[in-house]
Amino acid sequence: MNITKFLYVMLVLFMLPWAAFAEGDENEWNTVLKNQYFAGKSIAEGNDVIELEAPYRAEDPALVPLKIVSKIPQTQDSYIKKILVLVDKNPLPFVGEFELTPYSGKADLAMRIRVNTYSFIRAIAELNDGRLVMTKKYVKASGGCSAPIGADLDASMKRLGKMKFRLDDGIKTAEPNLVQLLISHPNITGMQMDQMTRFVKKSHFIEQLKVTFNGKPVLTAKTDIAISSDPNFRFYFVPQAPGTLKAEISDTSCESPTARDACVKGSTYSETYEVK
C-alpha cells in the first residue's frame with residue numbers, strides 16, 4: 001500500500017467514530033428540548049404507541065414527508081390526547097402540537113415539514129392517562145428553512161387562506177375515515193430570500209388550526225415555520241351521521257424567525273365540507 005492510500009484509509013478510520021457520533025447526536029434533546037417541554041417528566045421510548053415514517057435522506061428539505069402511525073385505537077377510555085413534533089436541530093425545533101380526541105378514530109397524522117440540517121425528528125405522544133411515549137427518526141436534509149420562496153409569491157398571496165377537503169369515496173359511518181386538508185399559504189419562515197426582490201421576507205405562517213365535525217373537535221393544532229408551504233395535512237375522523245366538516249386557520253407575522261415576543265396577529269380563514 002502506498003503512502004497516499006495508507007493516509008486515506010487512516011483518515012476514514014479516524015472519521016468513522018465521529019460520523020457515528022454525529023448521526024446519533026442527542027445533545028440538543030438531552031440538554032435543551034427535554035427540559036424545555038417535559039421538565040421533570042418520564043418519557044418512554046419505542047414504537048408500540050406511535051411510529052414515525054420519514055425518508056432517511058430527503059429529496060427536498062423544504063418538503064420532507066412525515067407520517068405518524070398510531071398503534072392503538074382512539075376510544076373514550078383510552079386514546080392519544082396530544083402529539084408534539086420536534087426537529088432537534090432546526091433553528092426553531094418546534095414543528096407543531098396536535099390535539100386529538102376519540103372522535104378522530106385513529107391518531108394517524110401526515111404532513112410535509114422543513115428540515116434545516118441533519119437531525120432527529122421526534123414525535124412525543126401524550127395519552128389520556130398522562131403517559132408520554134416518544135419515537136424518532138434521523139433524517140439527512142439541508143437548508144429546508146432557508147430554501148428560496150420562488151417567483152410565484154404574488155400568486156400565492158392571492159389565494160392565501162383557501163382550503164380544500166378531500167375524502168375517500170364511500171364514507172363509512174361509525175368508522176375512521178381518512179381526510180386530507182389542503183391549505184394555500186406560503187408559510188414564510190423569515191429566513192428565505194424572495195427571488196424577485198432579493199430581500200429576506202419577514203416570517204408569515206399558520207399558527208392555529210382547528211377541525212371539527214358537527215361542532216365536535218377532531219384535530220386542533222398549534223404550528224410554526226417548520227410546516228411546509230401550502231400545508232397538506234392528513235388525519236382521520238369518525239362520522240356517526242351526515243354532517244359538516246369545518247376547518248379554521250389563523251396566521252401571524254413575526255419580526256424574528258425564532259422568537260415569538262414580537263408578532264402581529266394576521267387573518268382567520270375557514271372552509272366547510274358537507275359529509276353525506
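The values are calculated or read from the model by the stated rules, or taken from the named source; none is laboratory data. Computed from a prediction, not measured in an experiment: that's the story for all the values here. Here the Cβ is made from the backbone with ideal geometry for all residues, glycine too, and neighbour counts use every protein chain on show. Note: areas computed on protein heavy atoms with side chains; ligands, DNA, RNA excluded. Shrake-Rupley method; radii C 1.70, N 1.55, O 1.52, S 1.80 Å.
How many residues, within the stretch 142-199, are at pLDDT 95 or above and either among the hydroxyl-bearing types (Ser, Thr, Tyr) or over 24 Å from ALA221 (Cα atoms) (or both)?
Final tally of qualifying residues: 4.
Test of understanding: among THR272, THR220, which residue is touching a residue at least 12 places away in the same chain (Cβ under 8 Å) and within 21 Å of the chain's Cα centre (by Cα)?
On the way: THR272 fails: within 21 Å of the chain's Cα centre (by Cα).
Within the list THR272, THR220, the selection yields THR220.
If I filter the stretch 34-52 for residues that are hydroxyl-bearing (Ser, Thr, Tyr) and surrounded by 13 or more Cβ atoms within 10 Å (Cβ to Cβ), do I get at least one hit? Please lay out each step first, then the result.
Initially, the stretch 34-52 is screened for residues hydroxyl-bearing (Ser, Thr, Tyr), giving 37, 42.
Okay, now just the ones that are also surrounded by 13 or more Cβ atoms within 10 Å (Cβ to Cβ), so 37.
Within the stretch 34-52 (the criterion being hydroxyl-bearing (Ser, Thr, Tyr) and surrounded by 13 or more Cβ atoms within 10 Å (Cβ to Cβ)), the answer is yes, since at least one residue qualifies.
Rundown of residues vs (1) of a type in the set (Val, Ile, Thr); (2) under 21 Å from SER142 (Cα atoms); (3) in contact with a Phe, Trp or Tyr (Cβ under 6 Å, 6 or more places away or on another chain); (4) open to solvent by 50 Å² or more (accessible area, probe 1.4 Å), yes/no style:
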| site | (1), (2), (3), (4) |
| --- | --- |
| GLU207 | no, no, no, no |
| VAL218 | yes, no, yes, no |
| SER253 | no, no, no, no |
| ARG260 | no, no, no, yes |
| GLU271 | no, no, no, yes |
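For the stretch 100-133, how many residues meet the condition of being open to solvent by 30 Å² or more (accessible area, probe 1.4 Å), charged (D, E, K, R) and closer than 25 Å to ILE188 by Cβ?
Step one: list which residues in the stretch 100-133 are open to solvent by 30 Å² or more (accessible area, probe 1.4 Å), which gives 103, 106, 112, 116-118, 126, 128-131.
Subsequent filtering for residues that are charged (D, E, K, R) retains 106, 112, 126, 129, 131.
Filter again for closer than 25 Å to ILE188 by Cβ, leaving 112.
Residues meeting the conditions: 1.
What strands (runs of 3 or more DSSP E), lying completely within the stretch 40-127, carry at least 1 residues that are aromatic (Phe, Trp, Tyr) and in contact with a Ser or Thr (Cβ under 9 Å, 6 or more places away or on another chain)? Quick ask: steps written out before the conclusion?
On the way: elements: 50-53, 64-70, 80-87, 94-100, 109-113, 119-127.
It comes to 94-100.
When LYS201 is evaluated against the numbered criteria (1) in contact (Cβ under 8 Å) with a residue 40 or more places away in the chain; (2) among the basic types (Lys, Arg); (3) loosely packed, with under 14 Cβ neighbours inside 10 Å, which criterion, by number, is the only one it fails?
Against the list (1) in contact (Cβ under 8 Å) with a residue 40 or more places away in the chain; (2) among the basic types (Lys, Arg); (3) loosely packed, with under 14 Cβ neighbours inside 10 Å, LYS201 comes up short only on (3).
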